[in-house]
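Enquirer: So that we are looking at the same thing, I have put the structure below in structure tokens.
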Amino acid sequence: MISCHAAEDPIKKVAIFGGTHGNELTGVFLVKHWLENGTEIQRTGLEVKPFITNPRAVKECTRYIDCDLNRVFGPENLGKKMSEDLPYEVRRAQEINRLFGPKDSEDSYDIIFDLHNTTSNMGCTLILEDSRNDFLIQMFHYIKTSLAPLPCYVYLIEHPSLRYATTRSIAKYPVGIEVGPQPQGVLRADILDQMRKMIKHALDFIHNFNEGKEFPPCAIEVYKIMEKVDYPRNESGEIAAIIHPKLQDQDWKPLHPGDPVFLTLDGKTIPLGGDHTVYPAFVNEAAYYEKKEAFAKTAKLTLNAKSIRSSLH
């Protein structure tokens, strides 16, 4: 009887990006550490390259210099003629695409782990861009199982109209890692430890896969982006209400129609409308004030993956 599994090519090249946002310090400090001493990220037969993606923003401890590096990896920016007039992050994106891509080509890196912090209470979060990717679902299942009993959430950013063009999207298998809560420009030992463990388990999974281990069919719970919710605003476009105390720090918890969402300064509660329970993420994220996003509504669903095994075995 033939085993029913997806045969995948062995993984050869992995990059770990830190500093895509220069004020999210866990990835910055881990990558700098691994550039000095990469013993803990080395695995036999695997090239693992730690890399600081936005060095100017890291130096200034700011999210970005001209524009958000994590949103400019679409074909229109990557295809622009290189010139000094381009925003710094667009020039940097083209450089990163040359080093780790080109995007959508056979030569691109197999996996990019892009390390981020959030000010929201999201704990350990893995970001998935493709709900049909058996390899990544298997990897995320392995990481979640290895971290237990520490929760690890999966945020699925597949959406017909929300396009991200992320830094990691130049890899064949892009993996976003968000760990919080952590203020911008600050390091917390517990958050750093959690991110470090996530990378360790991910690399162990790749090593096991390359060694010929077969991973049986599995299922994971994911939270799929539905829509982004802005703060209530007045006629001048200024924020007119803040996140309600009952929603603050409640990322991934069920939010029912009628539950408090915003609070005005004169004490009026604004409840959740609609007729569906949603699961909020990125609640009151500091970096998203400029993006007019108070939180993201997600729906909870289950993804299944076939068994996988390296095609070498």
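Enquirer: Taking interchain pairs and intrachain pairs at least six residues apart, which have beta carbon atoms under 8 angstrom, with the first residue in the stretch 102-123 and aliphatic (A, V, I, L, M) and the second in a strand (DSSP E or B) and open to solvent by 20 Å² or more (accessible area, probe 1.4 Å)?
Expert: From residues that are aliphatic (A, V, I, L, M), the pairs are Ile111/Lys13; Ile111/Tyr173; Ile112/Tyr173; Met122/Tyr153.
Enquirer: Those residues that are charged (D, E, K, R), assigned to a loop (DSSP other than H, G, I, E, B) and under 23 Å from the mean Cα position of the chain (by Cα), I need them from the stretch 228-258; list them, please.
Expert: Asp230, Asp249, Asp251, Lys253
Enquirer: Out of the residues in the stretch 108-126 that are part of a loop (DSSP other than H, G, I, E, B) and not hydroxyl-bearing (Ser, Thr, Tyr), which is nearest to Pro216 (Cα to Cα)?
Expert: Going through the qualifying residues, I end up with Asp110.
Enquirer: Val261 is checked against (1) surrounded by fewer than 19 Cβ atoms within 10 Å (Cβ to Cβ); (2) part of a strand (DSSP E or B); (3) not hydroxyl-bearing (Ser, Thr, Tyr) and fails just one. What number does that condition carry?
Expert: (1)
Enquirer: Now, a different point. Which numbered condition trips up Phe29, out of (1) within 20 Å of Val90 (Cα to Cα); (2) open to solvent by 20 Å² or more (accessible area, probe 1.4 Å)?
Expert: (1)
Enquirer: Now a separate question. Under 7 Å by Cβ, and 6 or more places apart or on different chains, what pairs join a residue from the stretch 232-256 that is within 18 Å of Asp266 (Cβ to Cβ) with one that is open to solvent by less than 30 Å² (accessible area, probe 1.4 Å) and assigned to a loop (DSSP other than H, G, I, E, B)?
Expert: Between residues of the stretch 232-256 that are within 18 Å of Asp266 (Cβ to Cβ) and residues that are open to solvent by less than 30 Å² (accessible area, probe 1.4 Å) and assigned to a loop (DSSP other than H, G, I, E, B), the close pairs are Ile239/Tyr231; Ala241/Tyr231; Ile243/Val283; Ile243/Ala294.
Enquirer: Pairs please, first residue from the stretch 51-76 and surrounded by fewer than 17 Cβ atoms within 10 Å (Cβ to Cβ), second anywhere and among the polar types (S, T, N, Q), Cβ atoms under 6 Å, 6+ apart in sequence or on different chains.
Expert: Pairs that qualify, where the first residue is surrounded by fewer than 17 Cβ atoms within 10 Å (Cβ to Cβ) and the partner is among the polar types (S, T, N, Q), are Cys61/Asn23; Thr62/Asn23.
Enquirer: Would you point out the residue of the stretch 102-126, among those that are open to solvent by 10 Å² or more (accessible area, probe 1.4 Å) and of a type outside the set (S, T, N, Q), that is nearest to Lys32 (Cα to Cα)?
Expert: Among them, the one singled out is Tyr109.
Enquirer: What are the residues in the stretch 127-158 that are open to solvent by 50 Å² or more (accessible area, probe 1.4 Å) and either of a type in the set (Val, Ile, Thr) or not in a loop (DSSP other than H, G, I, E, B) (or both), if any?
Expert: Selection gives His141, Tyr142, Lys144, Thr145, Tyr153.
The values are calculated or read from the model by the stated rules, or taken from the named source; none is laboratory data. These numbers come from a predicted model, not from an experiment. Note that we place each Cβ from the backbone using ideal geometry, even for glycine, and neighbour counts take in every protein chain shown. Ligands, DNA and RNA are excluded from the accessible area calculation, which covers all protein heavy atoms including side chains. Shrake-Rupley method; radii C 1.70, N 1.55, O 1.52, S 1.80 Å.
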